[in-house]
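Undergrad: Please see the structure below; I have some questions.
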2 protein chains.
Amino acid sequence: MLAKPALILIDAQMAFVEWERAGQRRNNSDAVDNMARLLDAFRRGGLAIFHIRHASTEKDSALRPERSGYQPILQTRERAGEPVLVKHVNSAFIGTDLEMRLREAGHQALVIAGITTNHCVETTTRMAGNLGFEAQLVRDACYTFDRVGFDGRSESAEAIHNMTLSNLNGEFAAIVTTDTVIAAVADNIAA
Amino acid sequence: MLAKPALILIDAQMAFVEWERAGQRRNNSDAVDNMARLLDAFRRGGLAIFHIRHASTEKDSALRPERSGYQPILQTRERAGEPVLVKHVNSAFIGTDLEMRLREAGHQALVIAGITTNHCVETTTRMAGNLGFEAQLVRDACYTFDRVGFDGRSESAEAIHNMTLSNLNGEFAAIVTTDTVIAAVADNIAA
């Protein structure tokens, strides 16, 4: 069903766990479990996985490589042989060889998950669609945080997350769930 | 104040006027007037302007080149000598030579306006920021339409527009107004 799929797992790093422990409110409490389930399904199917890691160059970022926040979330950590691509901006396609690797290996369908929905996941998904990949955004395997908007009003993580899904839906990506992807991967293996 | 600015005017094309005439509700009723004011200020200052035009390859799109919707909105039409770059996806940086032209001419500050806020304007602005440009999104010189979200709920043009501004603010771009840009351009000329 999926054309040589690759799982693109974006910025599943401890900085976001640390933010949550520090009291920042987020949505999708099962998202990390779902990322781990996607990894498991792709590993069992022998399918491609690309781990994307954000190395911030900003002075105060928790995602600077020397800080604890840079480390991967244990449940989603790469296994030996799985590529880890380091990026410095939101899009996993800018300043990396991700596009070249995907094209050389013939991956057309990209299953995208990770953190945060509206920044790095959304930017990568917009570019994936515009670059001609068949992007699938796994809506229960990504999350974001409550935030104060540009006009000073508070926005809930759920409202931010849902607006990303609405903006991407059909225009850049198909919006899917972890269960749907796992079933498609199982069909792929069986076929 | 601005480092050799360029105005990037995105998809100011008749398809969106036709949608409105057909009853689609939008926000920012002054947006086209504001685009025209930005064009006027950049022309008076002898500053660079790039017109981006969307040529859809989708069968039923009003933005196909042979349709009336492809034509520029009269008030924002290019003048002789102003480059028009044709794109086929949301981002003005994909499948065009926009980045190369900007770098070769030394434009670091990009003033971005056009239609629609959450699709082509937002995608181009995310990429502009991630490519290292100093992006400024002119919030009263872009607009979008009411839409049904991925979950079937209606979203107002204002809510969609504002979420784009909140998502881009600080992370990808500065959110500015037409008046602010025109004042900065005037300062630039005077300096």
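Only the coordinates and a few stated rules stand behind these numbers; no lab work does. If you're wondering where the values come from, they're calculated on a predicted model, not measured in any experiment. Cβ sites come from the backbone with ideal geometry, for glycine too, and all protein chains shown count toward neighbours.
Undergrad: Suppose every K and R has +1 on its Cβ and every D and E has -1 on its Cβ; what is the size of the dipole of the protein assembly as shown about the Cα centre, in Debye to the nearest 20?
TA: On the way: 40 positive and 48 negative charges, 100 e Å.
Taking the Cα centre of the protein assembly as shown as origin, the dipole is about 480 debye.
Undergrad: If you don't mind, another one. So what's the net charge close to A:THR123: Lys and Arg +1, Asp and Glu -1, counting the other residues with Cβ under 10 Å from its Cβ?
TA: Around A:THR123, the surrounding residues sum to -1.
Undergrad: If you don't mind, there's one more thing I want to ask. Pulled fully out, how much extra length does the chain show between B:GLN24 and B:ASP179, if you take 0.36 nm times their separation in residues and subtract their Cα-Cα distance?
TA: Gain on stretching B:GLN24 to B:ASP179: 53.0 nm.
Undergrad: For the protein assembly as shown, what Kirkwood radius comes out of the mean inverse Cα-Cα distance, in Å?
TA: Roughly 21.5 Å, rounded to one decimal.
Undergrad: In addition: So if the hydrodynamic radius of chain B is defined as the Kirkwood radius over C-alpha pairs, what does Stokes-Einstein give as its diffusion coefficient at 20 °C and 1.002 mPa s, in µm² per second?
TA: Reported coefficient: 129 µm²/s.
Undergrad: Evaluate E = 1/(1 + (r/R0)^6) for B:ALA186 and B:GLU134, where r is the Cβ-Cβ distance and R0 equals 25 Å; express this FRET efficiency to the nearest 0.05.
TA: 0.85
Undergrad: Compute the relative contact order of chain A as a whole-number percentage, counting only Cα pairs closer than 8 Å that sit 6 or more residues apart in sequence.
TA: Computed value for chain A: 28 percent relative contact order.
Undergrad: What distance in nm separates the two pseudo spin-label positions at A:GLU78 and A:SER61, each 7 Å out from Cα along the beta-carbon direction?
TA: That separation, rounded to one decimal, is 1.7 nm.
Undergrad: Among B:SER68, B:ALA48, B:ALA3, pick out the residue whose Cα is farthest towards the positive end of the charge dipole of chain B, where Lys and Arg carry +1 and Asp and Glu carry -1 on C-beta, about the Cα centre.
TA: B:SER68
Undergrad: Here's a follow-up. I need B:GLU58, B:GLU99 ordered by Cβ neighbour count within 10 Å, fewest first.
TA: Taking fewest neighbouring Cβ atoms as first place, the list is B:GLU58, B:GLU99.
Undergrad: How far, in nm to one decimal, is A:PRO65 from itself in the other copies if the label point is set 7 angstrom along Cα toward Cβ? Shortest first, please.
TA: Spelled out, the distances from A:PRO65's label point are 4.5 nm.
Undergrad: Could you pull out every residue, at least 5 positions away or on a different chain, whose amide H is within less than 5 Å of the one on B:ILE49? Hs are placed 1.01 Å off N in the peptide plane, and Pro or chain starts have none.
TA: Close amide H contacts, sequence-distant or interchain: B:LEU7.
Undergrad: Please determine, in degrees from 0 to 90 and to the nearest 10, the orientation of helix B:31-44 with respect to the longest principal axis defined by the Cα atoms of chain B, where the helix direction is its Cα long axis.
TA: Long axis of B:31-44 versus the principal axis of chain B: about 20 degrees.
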